[in-house]
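Structure record follows, encoded as structure tokens.
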Amino acid sequence: ITPSSQDMESPVKPGRFNRKLFPILSEIDLSTAKRRAVLVHEVFANNYNYMKSGIHLRQVINKLNEIDFNNSKDLHLFGQIYETFLSELQSAGTLDEFYSPRAISQLMTEMVDPAHGETVLDPACGTGGFLTAVIEHLKASASTVAEREAIANNVRGWEYKPLPYMLANTNLILHDIITPNIRFGDSLQRPLSEYSRKDRVDVIIANPPFGGVVSNNNENNFPQTYRTRESADLFLILMIHLLKEGGRAAIVLPDGSLTGDGVKQRIRQKLLEDCNLHTIVRLPNSVFQPYASVATNLMFFTKGEPTKNIWYYEHKLPESYKAYSKTKPIQLAEFDTLKNWWANREANEQAWQVDIDTIKANGYNLDIKNPHRAEEEKQHSSIELLDLLHQSFAKGDQLLDQLRKELVQ
């Protein structure tokens, strides 16, 4: 129904969205079992309109009505605007947890190189940045209509928060995926033992949430030996389990997952025994700021054979950079040196290799520093700084006392 000119000028009543429109859409008939009906239901059953101004809401609706979504030029432009909006989430308070720099998702996708016919999963897909990177990668090499159509089914995501779930679906639709294959729900809620062979995938590319603890006692869905409340560690176990034999993965993990005793050590041991962890790319602390200031790593592994050697590659900040920031984000072109090294690996100032025996002897610790780089200045704790200050004052008092004695003589 085309709105009248009067309708286009009158303010919208925001409350009616929540009282009428959202409930109607959330109760859409699912008996057809069509994915688009399920998508509409899941989006509107878990969301709420927070815009209070009816005038502003009318302005938004009018602007959207100006877009011809059947026009490829309009659609492409809207897609660019939408991706810019998603990138702004990097500095949007609590929303920044859903965003990964595009350069990182593109690099990981390029290095894993998903092929047509392979199933690709991101079990913590957020706004869909990794999924769209895979989609564009596959579209670039699609030679038939069948290959392009299969992308929608083969590229899959899971997300449990309503807002990023909605944003991810919109993101994929703007990348020509009419019915995105994204499941709404907590990836850690299902017991590991319930996954069967049909649930396995060929490729996993993800930046699982880290730095937090799981809820609803979801750690009990995992074997006792791997139970922890650290979300990143549980996601690692889940992803190892979900890969097919010969399946490939590229994931982001913080330094905290590379070291530690107890369950953390057992999880790393399982990774190294079940998979060939062939490459770890060490990133500067500021890559994911303001999302996280902790040091992160890109982990590349293949399931089905144990690790014998691990190549480490240290990515350096560009010259003149003290840190990445919103105005100076990491760029894909910075990884050209890494890409050239990838196929022809040799040790250099940024790359070094460690054998599995060394790693085992060190308690499966994967936090191995660059041996070619001079030891960084030690970072002291507050207590250590106070002790050093006390020692400095004591030394000063000693020198003053000695000087006083010499003057008296």
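The values are calculated or read from the model by the stated rules, or taken from the named source; none is laboratory data. Worth saying up front: this structure is predicted, and the values here are computed from it rather than measured. In this analysis, Cβ positions are derived from the backbone assuming ideal geometry, glycine residues included, and neighbour counts consider all displayed protein chains.
The rows are residues; the columns are (1) in contact with a Lys or Arg (Cβ under 8 Å, 6 or more places away or on another chain); (2) of a type outside the set (Asp, Glu); (3) closer than 16 Å to Thr179 by Cβ.
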{"residue": "Gly117", "(1), (2), (3)": "no, yes, no"}
{"residue": "Val120", "(1), (2), (3)": "yes, yes, no"}
{"residue": "Ala124", "(1), (2), (3)": "no, yes, no"}
{"residue": "Val145", "(1), (2), (3)": "no, yes, no"}
{"residue": "Ile151", "(1), (2), (3)": "yes, yes, yes"}
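Of the residues Leu107, Leu75, Leu131, Leu138, which is part of a helix (DSSP H, G or I), modelled with pLDDT of 95 or more and either surrounded by fewer than 19 Cβ atoms within 10 Å (Cβ to Cβ) or touching a His at 6+ places or on another chain (Cβ under 7 Å) (or both)?
Working: Leu107 fails: either surrounded by fewer than 19 Cβ atoms within 10 Å (Cβ to Cβ) or touching a His at 6+ places or on another chain (Cβ under 7 Å) (or both); Leu75 fails: modelled with pLDDT of 95 or more; Leu131 fails: either surrounded by fewer than 19 Cβ atoms within 10 Å (Cβ to Cβ) or touching a His at 6+ places or on another chain (Cβ under 7 Å) (or both).
Exactly one residue qualifies, and that residue is Leu138.
List pairs: first in the range 350-371 and free of Cβ contacts under 8 Å to residues at least 24 places away in the same chain, second hydrophobic (A, V, I, L, M, F, W, C), Cβ under 7 Å, 6+ apart or cross-chain?
Pro371/Trp352
Could you count how many residues in the range 364-395 are within 22 Å of Glu314 (Cα to Cα) and at pLDDT 70 or above? Full working, then the answer.
Here is the first cut: in the range 364-395, the ones within 22 Å of Glu314 (Cα to Cα) are 364-379.
From what's left, at pLDDT 70 or above: 364-373.
Total satisfying the criteria: 10.
With respect to Tyr313, determine if the residue is buried (at least 20 other Cβ atoms within 10 Å of the Cβ), touching a helix residue (DSSP H, G or I) at 6+ places or on another chain (Cβ under 7 Å) and more than 22 Å from Gly211 (Cα to Cα). Spell out how you get there, then give the answer.
Details: buried (at least 20 other Cβ atoms within 10 Å of the Cβ): yes; touching a helix residue (DSSP H, G or I) at 6+ places or on another chain (Cβ under 7 Å): yes; more than 22 Å from Gly211 (Cα to Cα): yes.
Considered against the rule, which asks whether it is buried (at least 20 other Cβ atoms within 10 Å of the Cβ), touching a helix residue (DSSP H, G or I) at 6+ places or on another chain (Cβ under 7 Å) and more than 22 Å from Gly211 (Cα to Cα), Tyr313 comes out as yes.
Inspect all residues belonging to the range 285-304 and state whether any of them is within 21 Å of Thr225 (Cα to Cα) and in a helix (DSSP H, G or I).
No, that holds for no residue.
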